[in-house]
Amino acid sequence: MKTDTKISGSGKIGQGEYNLIKISGSGAIEGPVTFETFKVSGSCKVCPNAALEGNEMHISGSIHSQSEIKVNTLHVSGSLHSENDMKVRSLKASGSCHLQGKIYADEIYVSGSLKSSEEVNADIVEIRGMATLNDLFGEQITFIPENCNSFNFFRFAKHRKLSNVKNIECTTLEAGCLQCDTISAKNILLTDGCVVNHIQCDGTLSYDSTCQIGTVEGNCAQKLLS
Amino acid sequence: MDISQKELSKKDLLKTTGISYGQLYRWKREGLIPEEWFVKRPSPTGQETFFPKEQILKRVQAIQTLKDRYSLEELAKLLSPEITNRVFTEEELECFTEIDIRVAADFMDVLNKDTFTFIEVLVMITLCRWKEQNLIQEQELYDLIPNVATTAANITEIKTFFLLLAINEAYYGLFLLNPSPEGSLLLDERIKVVCQISLQELCHEIKLKYKDTFSFTFDEETVKNS
């Protein structure tokens, strides 16, 4: 029979099957756990060889995981740092996400910052804020710039902070304030000072005059937005 | 063989099959297209991804044909894992008509066990076939078994070539794990390659032959015809 386990203050949770895991304060997961619901209000450290698998995870605070995470829904308000792979149906994060392993998801919504050195692969990706990524793959990817324009007082010049992605491959991309080495997509819309070295496009490529685009390959209809 | 004949670029794959980036990467996430099939090579624009041509086209066609009949998760289970995970008991070994009882007995003595992995079964079948084809004499075979059996017990990769080598009238076994299509094996001219077999191809043949006996899971063609 699955039990509930709760930590108030500080404590550790070992291997097991749980219905509810609730950490208020500071907790450490020391063995592989399965759960229906996992709630953290405070901080949680997941040790190596302590894979998490379950239905819902709600993090209000911070979680640092050295093991795999496989959940249906993951809501983070605060900070998520994962050193291992993640597989989720839905990730919604406000705050910062630092991923050192792959993340496979149906949908990823990040408001804040997303940093990943490995593959980010999801049907829908929406990043509202800043991202530093290596490979980003999906169906529909959106970068919504927020506060990417700032004024440099000494140079009396506008300065743009750009998200930085090495490689994007998707069906549809809409992006503002994005710097990218390579974009391969069917339909692309770029605004707000995007800088892209190479585009492979076989549908429509639309961009405004603030964008800098290197080479374009493929059979696409190009449109300069006014 | 020219790489362009054996490999297909991602660009050409999407064009040939009509699938989208979103579909391709969704199928990768679901395990329908193995990660090792995504081979990155340098290109003038940075990096380009290539796939084993025959395998990827067969796989995409199978997915497109079957995705209305099965969920992606079911498809991932049906379409071949690269190796079956089951082990075979002494009684089950008797079902393989290819295996000589004395070869099986010698494997049991050398490895001090009576259950075997599928790779070990394939190696037993190979040795028995080579004896039947008079590629190796009976006594030479039984001298070979102790060393080959010990090595075979450590192999977990089905993409392996098993070679029978002759050096100064003595026989030796060589296992090439994950051989590259561009690679080649150059041997001292005193070493003669008597024969070789792809364990992956043998795996497919044996699984087809004994599919009802052992309920093996299969590759695209068999699933489509089922």
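The values are calculated or read from the model by the stated rules, or taken from the named source; none is laboratory data. What you see is a predicted model, and the numbers here were worked out from it, not measured in a lab. Glycine also receives a Cβ, built like all others from the backbone with ideal geometry; neighbour counts cover every protein chain displayed. These area figures cover heavy atoms from the full protein model, side chains too; ligands, DNA and RNA do not enter into them. Shrake-Rupley method; radii C 1.70, N 1.55, O 1.52, S 1.80 Å.
Things worth noting here:
- Residues within the range B:8-47 that are at positive phi and facing chain A (nearest Cβ under 7 Å), tallied: 1
- Residues of the range B:90-105 that are over 25 Å from B:E201 (Cβ atoms) and either open to solvent by less than 30 Å² (accessible area, probe 1.4 Å) or modelled with pLDDT under 90 (or both): B:E90, B:E91.
- The residues of the range A:179-226 that are among the aliphatic types (A, V, I, L, M) and within 14 Å of another protein chain (Cβ to nearest Cβ), listed by number, are A:I183, A:A185, A:I188, A:V196, A:I199, A:I213, A:V216.
- Cβ-Cβ under 6 Å pairs, at least 6 apart or on other chains, the range A:160-178 side within 14 Å of chain B (Cβ to nearest Cβ), far side open to solvent by 10 Å² or more (accessible area, probe 1.4 Å) and not in a strand (DSSP E or B): A:E169/B:Y21; A:C170/B:Y21; A:T171/B:S20; A:T171/B:Y21
- Residue in the range A:125-137 that is over 24 Å from A:G54 (Cβ atoms), at pLDDT 95 or above, within 12 Å of chain B (Cβ to nearest Cβ) and touching a Cys at 6+ places or on another chain (Cβ under 9 Å) present: yes
- Filter result for B:E73 (at pLDDT below 85, in a helix (DSSP H, G or I) and touching an Asp or Glu at 6+ places or on another chain (Cβ under 9 Å)): yes
- Matching entry among B:F161, B:F175, B:F216 (being within 20 Å of B:I99 (Cβ to Cβ), among the aromatic types (F, W, Y) and modelled with pLDDT of 90 or more): B:F175
Let's see how each residue does on (1) out of contact with any His (no Cβ under 6 Å at 6 or more places or on another chain); (2) open to solvent by less than 10 Å² (accessible area, probe 1.4 Å); (3) at pLDDT below 95; (4) in a strand (DSSP E or B):
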{"position": "A:A28", "(1), (2), (3), (4)": "yes, no, no, yes"}
{"position": "A:F35", "(1), (2), (3), (4)": "yes, no, no, yes"}
{"position": "A:S41", "(1), (2), (3), (4)": "yes, no, yes, yes"}
{"position": "A:N55", "(1), (2), (3), (4)": "yes, no, no, yes"}
{"position": "A:G61", "(1), (2), (3), (4)": "yes, no, yes, yes"}
{"position": "A:H81", "(1), (2), (3), (4)": "no, no, no, yes"}
{"position": "A:S90", "(1), (2), (3), (4)": "yes, yes, no, yes"}
{"position": "A:D106", "(1), (2), (3), (4)": "yes, no, no, yes"}
{"position": "A:S111", "(1), (2), (3), (4)": "yes, no, yes, yes"}
